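A.B. asks: Sharing a structure with you now.
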Amino acid sequence: MDAKLIDHLFRHHSGKMVSVLTRIFGLKHLDIIEDAVQDTFIKASLSWRLQQPNNPEAWLTQAAKNRVLDIFRKLKTEQKYLPNIHQGTGAIAINELFLDTEIADAQLRMIFTACHPTLDPRDRISFALKTVSGFSIREIASALLTKEDTIKKRLSRARKTIQKSDIKFKIPHGKSLEPRLESVMEVLYLIFNEGFHSNQKDNLIRKELCVEALRLSQLLLKNTLTRTPDTYALCALMCFHACRIESKTNAENELLDLKQQDRSKWHFPLIKLGNTMMHKAVETNEFSGYHYEAAIAFEHLKAKTFEATDWKKILHWYQCLYALQPTPSHALTMAVICLQTKDYKLAKGYISQIKPEDFEQRAYLYYGTLADFYEATGEKNLAVQNIELALSHVTNELEKAYLKKKKKELMP
């Protein structure tokens, strides 16, 4: 069996295994459980070279369970902490935890644990990618543009906080569910955005992050407690954005904006799924930011050509969103929309409300928009100056190439 298949299985099944084993053995043994799952895949990579099992996932799950027991025996803690899972009702109960419905329940418990509001926001994303999604420390560091040592510290801090705060491995109920679910959705939204607008030097899109965020959002929709209008809206939003992934770059790996994208490459099944989700999402009188963002994304998908885009409708949805979440990025986007409608006075008003520092490592977006403003108002020198500022702040090579091309077009 090749290494790619092992990697694929690890990515898709290690989170399930860690979640189920944590439900059996408890959060206090998470380190041991993760090591056991890792050891299991090393063992698989060696033994499967000769013969692949008929059911690789079942083999991995059973092997991980056995490995944990081996480690616990060595620590001489089996009698103290573990149920007797070898025989009788204990064995039946444990085996039932490996049914598909129970695996989904265990994963949902892990998501709520990883996204607990007690944890530092930065730690939540790292911890979720590690425990729920099976990403390695190196992959997480790469995805979040952070050093591996920093990720290790975040994971260690998250585990200590879980122990110190005595966070329970469960899905919250009653009044505590809503704020906890908001925290979960925020983490999934950030994971998707990091994939869709990657800050990596050579990668504009990290498909695996987008796919994982979409998978986890659909996991929320499978449980009656977490199936809400907001989770439907979040899933719809991800579908509407994900359908455009293949059109964001051309054959030369150059970045394409909405105007240049080949709309025939947009993935219709994802648009259809997003529409289904959106119909469920609007069965309410209260709309979240995810509702408005999904409505905006759909307006772009509805337009057969870039010129046919209903910018006034999009600006309306953004104004609704801004009233709910008055963030610098929303103000910047409204300025971009006003450039499309040639309302330069309103565009300048939105730009004047923000400053480049508001965007931290994405300050190039601010300067790029300012360049577009000056180009539209006939001040090409100022447009070039701001593109140069954008170039000095951008890290992604595709974005850099896009800005250089734009600068060349502006030069006399």
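Residue-by-condition table, conditions (1) on the phi > 0 side of the Ramachandran plot; (2) of a type in the set (A, V, I, L, M):
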residue: 356; (1), (2): no, no
residue: 367; (1), (2): no, no
residue: 378; (1), (2): yes, no
residue: 387; (1), (2): no, yes
residue: 394; (1), (2): no, yes
residue: 407; (1), (2): no, no
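A.B. asks: So which helices (runs of 4 or more DSSP H) stay within the range 1-78 end to end and still have 1 or more residues that are modelled with pLDDT of 80 or more and of a type in the set (D, E, K, R)? Lay out the reasoning, then the answer.
C.D. replies: Details: elements: 3-25, 30-47, 56-74.
Once the helices (runs of 4 or more DSSP H) in the range 1-78 are filtered for at least 1 residues that are modelled with pLDDT of 80 or more and of a type in the set (D, E, K, R), what remains is 3-25, 30-47.
A.B. asks: Taking the range 204-259 as the search range and keeping residues that are more than 15 Å from the chain's Cα centre (by Cα) and among the acidic types (Asp, Glu), which one is surrounded by the fewest Cβ atoms within 10 Å (Cβ to Cβ)?
C.D. replies: 252
A.B. asks: Still on this structure, please answer the following. Is it the case, given these coordinates, that residue 150 is touching a residue at least 12 places away in the same chain (Cβ under 8 Å), hydroxyl-bearing (Ser, Thr, Tyr) and surrounded by 14 or more Cβ atoms within 10 Å (Cβ to Cβ)?
C.D. replies: So residue 150 does not fit the description; no.
A.B. asks: Looking at (1) over 31 Å from the mean Cα position of the chain (by Cα); (2) buried (at least 17 other Cβ atoms within 10 Å of the Cβ); (3) modelled with pLDDT under 70, find the lone condition where residue 88 falls short.
C.D. replies: Condition (2) is where residue 88 drops out.
A.B. asks: If you go through the range 393-411, how many residues are free of Cβ contacts under 8 Å to residues at least 12 places away in the same chain and over 21 Å from residue 340 (Cα atoms)?
C.D. replies: 2
A.B. asks: Okay, next question. Go through (1) touching a Lys or Arg at 6+ places or on another chain (Cβ under 9 Å); (2) on the phi < 0 side of the Ramachandran plot; (3) at pLDDT below 90; (4) not small (Gly, Ala, Ser) and name the single condition residue 145 misses.
C.D. replies: (2)
A.B. asks: Same structure again: Output the residues belonging to the range 108-124 that are within 17 Å of the chain's Cα centre (by Cα), assigned to a helix (DSSP H, G or I) and at pLDDT 90 or above.
C.D. replies: Correct list: 108, 110, 111, 112, 113, 114, 123, 124.
A.B. asks: Just to be sure, is residue 190 farther than 26 Å from residue 25 by Cβ and within 10 Å of the chain's Cα centre (by Cα)?
C.D. replies: Against the criterion (farther than 26 Å from residue 25 by Cβ and within 10 Å of the chain's Cα centre (by Cα)), residue 190 qualifies.
A.B. asks: Now for a separate question. Where in the range 163-270 are the helices (runs of 4 or more DSSP H), entirely inside, with at least 2 residues that are without any contact (Cβ under 8 Å) to a residue 40 or more places away in the chain?
C.D. replies: Hits in the range 163-270: 177-196, 207-221.
A.B. asks: When both residues are 6+ apart or on different chains and their Cβ atoms are under 7 Å apart, which pairs have a first residue that lies in the range 10-27 and is under 9 Å from residue 134 (Cβ atoms), and a second that is charged (D, E, K, R)?
C.D. replies: Matching pairs, first to second residue: 13/57; 18/34.
A.B. asks: While we're looking at this one, here's another question. Residue check: is residue 162 in contact with a Phe, Trp or Tyr (Cβ under 9 Å, 6 or more places away or on another chain), of a type in the set (Val, Ile, Thr) and modelled with pLDDT of 90 or more?
C.D. replies: Details: in contact with a Phe, Trp or Tyr (Cβ under 9 Å, 6 or more places away or on another chain): yes; of a type in the set (Val, Ile, Thr): yes; modelled with pLDDT of 90 or more: yes.
For residue 162, the condition - in contact with a Phe, Trp or Tyr (Cβ under 9 Å, 6 or more places away or on another chain), of a type in the set (Val, Ile, Thr) and modelled with pLDDT of 90 or more - is met.
The values are calculated or read from the model by the stated rules, or taken from the named source; none is laboratory data. What you see is a predicted model; the values in this text were computed from it and never measured. For neighbour counting, all protein chains shown are included, and Cβ atoms are generated from backbone atoms with ideal geometry for every residue, glycine included.
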